[in-house]
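Heads up, the thing below is written out as structure tokens.
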Amino acid sequence: MASYKLSINGSSFSVEADPKMPLLWVLRDLLNLTGTKYGCGMSQCGACTVHLNGNAIRSCTMPVSAVGTQKITTIEGLSTDNSHTVQQAWIAEQVPQCGYCQTGQIMSAVALLKRNPNPTDRDIDMAMQGNICRCGTYPRIRKAIHKAAAMMKQPPAKGF
Amino acid sequence: MQQKHSIDRRAFLKLSSFTGAALTIGFYFPALGRETAAIVTASTAENLGIALNAFISIDKNGSVSILNHRSEMGQGSYQAVPQMIAEELEVSLDQVSISFAPGHQNKYGNQITGGSSTVRGAWKHLLRTGATAREMLIEAAAKIWSVPKDECYAQNGEVIHRPSNKKLGYGELVEEASKLTPPKQVVLKERKKYNLIGKPLPRQDTPLKVNGRAEFGMDKKLPGMLYAVVERSPHFLGKVKSYDDSAVKKMPGVKHVIKVHMPVFNTVREGIAIVADNTWAAMQARKALKVEWDTTGFEHLDTAALYNRMKEDLKKPGLSQRTGGNFEATFAKASKKVEAVYETPYEAHACMEPVNCVADVKEDRAEIWGPIQGPDWIQRDLADRLKIPIDKITVNMTFLGGGFGRKAFTDYTTEAALISKEIKAPVQVVWTREDDMTQGPFRPGAMYECKAGLNNGRIAAFQTKMAAQNMGHQNPGADKTSFNDSITEGLPEPYLNSIDHYSFSDIPTESPIPVMWWRSVYSSTNGFAYESFIDELAVAAEKDPLDLRRAHLRDERYLAIIDKLEEITGWKSRGKNSGWGVAITECFKSIVGEAVKVSKQADGKLKIDRIVAVMDCGWYVNPDIIKAQVEGSIVMALGAATTHATNFTDGKAVETNFHQYRMPRISDVPDMEIYIMENEEKPGGVGEPGLPPFAPALCNAIFDLTGKRIRKLPFNMNEV
Ligand code: FES
Ligand code: FES
């Protein structure tokens with residue numbers, strides 16, 4: 001057991017955890033931030049995607065001891081009222097079915113759009129390749145990302 | 001829709017019995033098995049001692065609460081149910097909130113979310129319940145104003161007196177209305193007057209699903225809750241011979257190590273549960289556990305042996321299910337004979353949310369939460385096993401991160417309850433992805449032998465035999481000479497009117513592998529055999545595949561789908577070098593036709609260029625949800641056709657996680673064109689029927705392009 005001070009969604013959290021405990025379980029079981037999901041535990045599905053200093057990572061294979069002072073953003077930190085452009089686009093395109101994979105999908109999409117505000121279909125396919133959706137919402141994910149990209153160009157887009 | 005989530009269930013039930021301040025009506029079935037529900041108010045129900053289906057309640061502010069009796073696993077009942085009730089009740093959707101009904105057999109009738117039945121099974125009752133409340137509110141207003149009832153009408157949560165334009169909101173009317181007797185007859189709205197039904201309204205659970213607030217079973221937390229994982233026998237019927245938990249008990253956070261069991265149909269699977277402070281501690285500790293299994297007394301099959309057995313089984317006559325005319329004689333004399341054998345794999349459900357369950361079992365009561373498709377089965381099962389009266393067992397449905405049939409099973413809930421009982425604490429049992437993927441139950445693999453005789457370009461004789469594990473035969477005391485509509489599922493019925501000589505039979509293959517419904521059940525594999533074979537017959541008869549179907553599917557609905565497919569795809573003018581395939585199947589009273597176009601890329605690899613689907617599900621509620629369900633069904637079918645399967649070695653599942661059970665990724669899936677037919681037919685299923693026609697349409701397209709016939713799934717698109 002060791003003590004960690006984590007910066008999550010702009011706040012600071014102290015946890016006592018085994019250094020090897022993946023960030024996923026720290027978030028879910030120790031901090032009750034359950035928007036980040038467990039899907040495979042081996043970086044195969046993307047359900048656990050969060051941002052580390054703005055980059056999308058798989059929290060299921062990231063030991064808490066490796067996080068250090070890097071800034072973590074989870075789905076809960078995107079907005080408090082669904083006002084983030086990507087959330088808005090997701091609602092507009094009615095992407096979720098069961099919804100379980102969607103928080104991870106959205107975190108991957110946000111990171112993509114930050115890097116590349118004008119993604120092509122191919123860019124989207126490449127960037128979203130690591131996120132599985134068993135419900136098959138892929139075509140709508142593609143549409144929603146294009147929509148978010150278009151919305152971002154129109155002020156007053158919020159969230160980036 | 002109030003985004004402040006659904007109201008608390010207990011508060012709802014209390015509200016429902018507080019009859020003075022609200023209008024609460026629901027339906028119940030006066031006699032078991034009766035088709036027609038009676039609609040009564042809460043106070044009548046109380047006087048008669050009836051367990052009321054508290055379906056809707058309108059309070060003094062005019063807010064409408066609905067208790068949904070179906071689980072929400074992505075198929076959209078969260079949206080469809082309020083959309084139907086709000087339509088007849090004449091309120092806007094934002095006046096309506098919804099919560100999940102806890103499992104209770106007597107109150108809600110059969111609650112299993114399966115067979116694409118949410119709308120199909122309850123639509124009339126839901127519409128009538130909404131209309132009844134509307135009529136009672138109108139009557140209440142007429143009474144207050146002392147005017148004739150037919151001078152009043154309801155609109156947007158108010159009753160309006162037409163001549164004077166006086167208005168009263170529903171909230172102001174509920175007290176008066178709750179004293180009335182619900183009318184026996186109500187007139188339902190005409191379809192053309194619908195404001196909500198038939199419109200692509202946004203789903204009301206979407207906001208919760210884009211910010212992490214939707215609560216899935218995995219997200220449920222209770223005060224003092226512990227977390228468990230279970231090392232179960234890797235063989236389907238294994239028992240614990242001995243185990244060594246000395247190292248486990250020293251691991252940080254571990255609280256208990258206990259032997260548990262769970263029922264799997266008529267068998268029992270044993271395991272060792274590790275209960276800890278958090279999920280990861282339990283998972284880590286599990287690695288230190290040593291178990292010796294007794295795996296004797298049952299077969300350790302591998303995939304090759306299983307399919308060899310099916311091949312042998314196909315030589316037997318089997319259980320005849322549907323026969324007409326004389327297949328053998330007609331086939332023997334046919335001018336052209338075609339024969340083919342098709343093979344489909346076992347599949348895991350692989351819901352994105354692995355199986356899990358939270359249980360809190362006390363001496364005299366039990367409560368569970370989880371992603372649950374069959375709450376009333378589970379309630380009964382727990383009452384039996386825990387020896388607790390059924391009314392002391394509460395089954396709460398959370399959102400489901402996918403279900404597809406897997407979460408209609410009672411194994412995981414029983415196991416969780418037994419662990420909670422033993423450790424005397426609330427516990428969440430989490431199945432790791434590996435547990436979820438290797439423990440089953442699975443979709444049964446199947447082998448089909450199809451034969452047909454053609455005369456003058458028409459199908460004169462048609463036979464299909466299926467060898468596969470029979471799902472119904474696994475239940476305790478099952479009659480193994482009975483079949484359960486297995487083989488004819490997915491078959492377009494009108495073929496049997498145009499083919500005079502046919503025979504369908506099912507040969508149940510024996511195996512200890514547990515099998516279970518998987519999205520669209522037997523149709524998911526039957527469809528591949530039927531519609532691939534029809535394509536082979538079209539080729540043999542030198543007929544266009546749509547024309548052959550047109551000649552044999554002499555039914556308005558089918559003909560309309562064929563016309564529509566022809567129109568959308570530009571079928572008649574399709575290029576010589578393009579590969580187009582079609583398939584049409586029927587499943588849960590809906591008919592779906594799909595067309596796929598494939599081409600070869602510069603590197604010689606196959607690519608899907610277009611996917612077109614035409615869905616006829618009769619009367620429908622929300623076209624956007626239907627489109628989403630068809631899209632999702634197609635992606636799931638694509639996976640089962642081209643990327644994944646569950647194999648067995650030494651009686652154990654081989655594929656343990658997504659690195660081996662490869663799912664379609666976003667780049668594998670093109671945009672799709674989905675059309676919904678407009679007609680006045682009864683509602684059919686929506687969540688499943690889009691799946692069966694996809695694999696045959698794809699394989700027929702590949703044949704059209706390359707001349708290669710694919711008869712065995714899954715196949716690798718890059719290796720055709
Ligand atoms: S849970 Fe982390 S990638 Fe699947
Ligand atoms: S929405 Fe269900 S897994 Fe993606």
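Per-residue SASA remark: residue B:638, around 10 Å² accessible (1.4 Å probe; ligands, DNA and RNA not included).
Contact residues in segment A:68-100 by the 30 Å² criterion (accessible area, 1.4 Å probe, full protein complex versus chain alone): A:82, A:91, A:94, A:96, A:97, A:98, A:100. Per residue, segment B:376-421 exposes an accessible area of 28 Å² to a 1.4 Å probe, with every protein chain left in place. Mean projected area of the convex hull spanned by the Cα atoms of the protein assembly as shown, taken over all viewing directions: 38.2 nm².
Using heavy atoms of the protein chains and a probe of 1.4 Å, the accessible area assigned to residue B:674 is about 20 Å². Ordered from largest to smallest accessible area (heavy atoms of protein chains, 1.4 Å probe), the residues B:94, A:125, B:411, B:294 come out as B:94, B:294, A:125, B:411. Summed over both chains, the area buried between B and A is near 4700 Å², taken from the accessible surface of protein heavy atoms with a 1.4 Å probe.
Scattering from segment A:85-152 was approximated by placing one identical point on each alpha carbon and applying the Debye formula without solvent; log10 I(q)/I(0) at 0.17, 0.22, 0.23, 0.28 1/Å stands at -0.48, -0.84, -0.93, -1.44. Counting only DSSP H runs of at least 4 residues, each contributing -39500 (n - 2.57), and dividing by the residue count of the protein assembly as shown, the helix-based mean residue ellipticity at 222 nm comes to -9000 deg cm²/dmol.
Rounded to the nearest 20 Debye, what is the dipole magnitude of chain B about its Cα centre when Lys and Arg each give +1 and Asp and Glu each give -1 at the C-beta?
Dipole of chain B, to the nearest 20 debye: 340 debye.
All other residues whose Cβ lies under 15 angstrom from that of residue B:509 are scored, Lys and Arg at +1 and Asp and Glu at -1, for a net of -1. Which positions within segment B:655-675 get 30 Å² or more of their accessible surface covered by the other protein chains, compared to the chain by itself, with a 1.4 angstrom probe? For segment B:655-675, once contacts with the other chains are taken into account, B:657, B:658, B:659, B:663, B:665, B:666, B:667, B:669, B:671 lose 30 Å² or more.
For chain B, taking Cα atoms only, Rg and Dmax work out to 27.3, 84 Å respectively. By definition, a body whose alpha carbon gyration tensor gives a ≥ b ≥ c is oblate when a/c is 1.5 or more and a/b is not larger than b/c, and segment B:201-289 fits this oblate description. Between the C-alpha center of segment B:193-271 and that of segment A:18-68 there is a gap of 19 Å. Summing Lys and Arg as +1 and Asp and Glu as -1 over all other residues whose Cβ lies under 9 Å from the Cβ of residue B:690 gives a net charge of -3. Only alpha carbons enter this Debye calculation for segment B:512-615, each as an equal point scatterer, and the log10 of I(q)/I(0) it gives at q = 0.17, 0.24 Å⁻¹ is -0.87, -1.43.
Protein heavy-atom accessible surface, 1.4 Å probe, per residue over chain A: 37 Å².
Working note: Debye formula, equal point scatterers on the alpha-carbon atoms of segment B:563-720, no solvent; log10 I(q)/I(0) at q = 0.16 Å⁻¹ is -0.91. Largest accessible area first, the listed residues A:153, A:143 line up as A:153, A:143 when surface is computed with a 1.4 Å probe on the assembled protein chains.
Taking all protein chains in place and a 1.4 Å probe, what share, in percent, of the accessible surface of chain B do carbon and sulfur account for?
Ligands and nucleic acids excluded, carbon and sulfur give 48 percent.
Sorted largest first, the spans of the alpha carbon positions of segment A:2-77 along the three principal axes are 29, 23, 20 Å.
Note on segment A:88-160: with neighbouring protein chains present and a 1.4 Å probe, carbon and sulfur make up 55 percent of its accessible heavy-atom surface. How are the C-alpha pair distances of chain A spread across 10 Å bins, as whole percents from the shortest bin up? Answer for chain A: a P(r) of 11, 42, 33, 13, 1 percent.
Charge tally for residue B:635 (other residues, Cβ to Cβ under 9 Å; Lys, Arg +1; Asp, Glu -1): -1. Taking the charge dipole of chain B about its Cα centre, with +1 at Lys and Arg Cβ atoms and -1 at Asp and Glu Cβ atoms, the residue from B:38, B:393, B:617 reaching farthest to the positive side is B:393. Only counting protein heavy atoms at a 1.4 Å probe, give the residues of segment B:206-236, ordered by number, whose accessible area falls by 10 Å² or more when the other protein chains are present relative to the chain alone. SASA drop of 10 Å² or more in segment B:206-236: B:206, B:207, B:209, B:210, B:211, B:212, B:213, B:216, B:218, B:219, B:221, B:227.
Pairs spanning more than 25 Å between alpha-carbon atoms, out of B:451/B:564; B:221/B:421; A:20/B:239: B:451/B:564; A:20/B:239. Ordered by 1.4 Å accessible area with all protein chains kept, A:16, B:655 run largest first as A:16, B:655.
The values are calculated or read from the model by the stated rules, or taken from the named source; none is laboratory data. Since the model is a prediction, treat every value here as computed from it, not as a measurement. Positions of Cβ are generated from backbone atoms using ideal geometry, with glycine treated the same way; all protein chains shown enter the neighbour counts. To get the accessible areas, we keep the full protein, side chains included, count just its heavy atoms, and leave off ligands, DNA and RNA. Shrake-Rupley method; radii C 1.70, N 1.55, O 1.52, S 1.80 Å.
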